[in-house]
Structure formats: structure tokens, C-alpha cells
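Below is one structure; the comments refer to it alone.
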Amino acid sequence: MDQSAVYPVKLYVYDMSKGMARQLSPIMLGKYGDGMALSHRHTAIVVHGDEFFYGGEGISSCQPGGTMLGAPNTVVDLGTTEVTEEIFMDYLTSLGESTYRGDRYRLFEHNCNTFSNEVAQFLTGQRSQPTSLTSPPRCSPRRSDRLCDRSWTRFTSSLPEETTSTDTTDSD
């Protein structure tokens, strides 16, 4: 194997709300924004010719853009890595047996976004995304937690069923 080879690393970002979060952010949060706190975004890392992601089944992979979500909304070039496919697969196996087992998946705290961030850090030495994608959603300080919970429930229940399900790895 060529030890000096470099491999491109990309972050695939899927907007699970299909743009609804951006439209609803003024109503839900009391301010305009990109809706990132409300829009549940699915992210995945693409390297060595495959797309890797984390969900309720653990770590999974497919051909790039091959999930049930179709093509990503955004592709972010994270740079390159010198990590070989063999080393990377050993790393993923280790993560899949510990930190990123399926039973450890949590929609807001430990999800596809935290996985993408950690894997990007391993591959490139830098985080893949801002903390707003890896932190739980927060409401405006002027809204009570109870109102926030009701608003979130109302928002997610208005989405098509397949985008709110957490039963499959593609819907995290």
C-alpha cells in the first residue's frame, strides 16, 4: 500500500425537515434563523468510496447518496486524509463495539452528527461541523420548557412519518 496516498473526505448533510424548519423557526423560536436547532439534520462521512453513518442500528455504510434520503442537500469538502481504508475500518469496528453501538443512539445527544464529528476529527484532525449540529435543540429564553416541548412535538408530528421515525439507521 502506498503510505503517502491521500483520500478525499466529505460530509453529506441531509435536511430531514425538507426546509420546514427554516420556515417555522420564527414561530417556534421567536427569531429568524436557518432552523438548525429545529431541523433534524442527518449527516454522514464519505471516504474510501462509501458513505458511513450512525443510527439506531449502529454504524452503517452504503454507496454515497445511497440512503433512503436520496442525494444530500449539501456536500462539504472536509479535506483529505492519509488514513488507509484498512486502518479506518479497524477504527470503525472499534467505535461500533463501544461508543457507537446501536443501543447507545440518542436522537438529540448521541446521534449521526456526533458520529460524523468524531470520525471527521479522526480522519482530518478537525471537526466536521459547528456545535449547533451536535447539541440538543434549545428554545428561546422567553419560552418556557413546557411550551418548547409542545412546539417540538407539534413540529415533528407535522412531518411525514418516515422523517420522524428513529427505528432505522437512515432516519436519525
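Side notes on the structure shown:
- Among 72-84, 49-61, the order from most to least packed when residues are scored by Cβ within 10 Å on average: 49-61, 72-84
- For the stretch 35-95, the equivalent ellipsoid derived from the alpha-carbon gyration tensor has semi-axes of 22, 14, 12 Å in decreasing order.
- Put a dot 7 Å past the Cα of S98, heading toward its Cβ, do the same for V75, and the two dots end up 3.3 nm apart.
- Legend: P(r) of the stretch 55-130 from all alpha carbon pair distances, 5 Å bins from 0, whole percents, reading 3, 14, 21, 27, 25, 10, 0.
- Spacing of the modelled spin labels on F108 and E82, each 7 Å from Cα toward Cβ, amounts to 4.2 nm.
Just so you know, all these numbers are worked out from the coordinates, no wet-lab data involved. The model shown is predicted, which means the values in this text are computed figures rather than measured ones. Note that each Cβ is placed from the backbone with ideal geometry, even for glycine, and that neighbours are counted across all protein chains shown.
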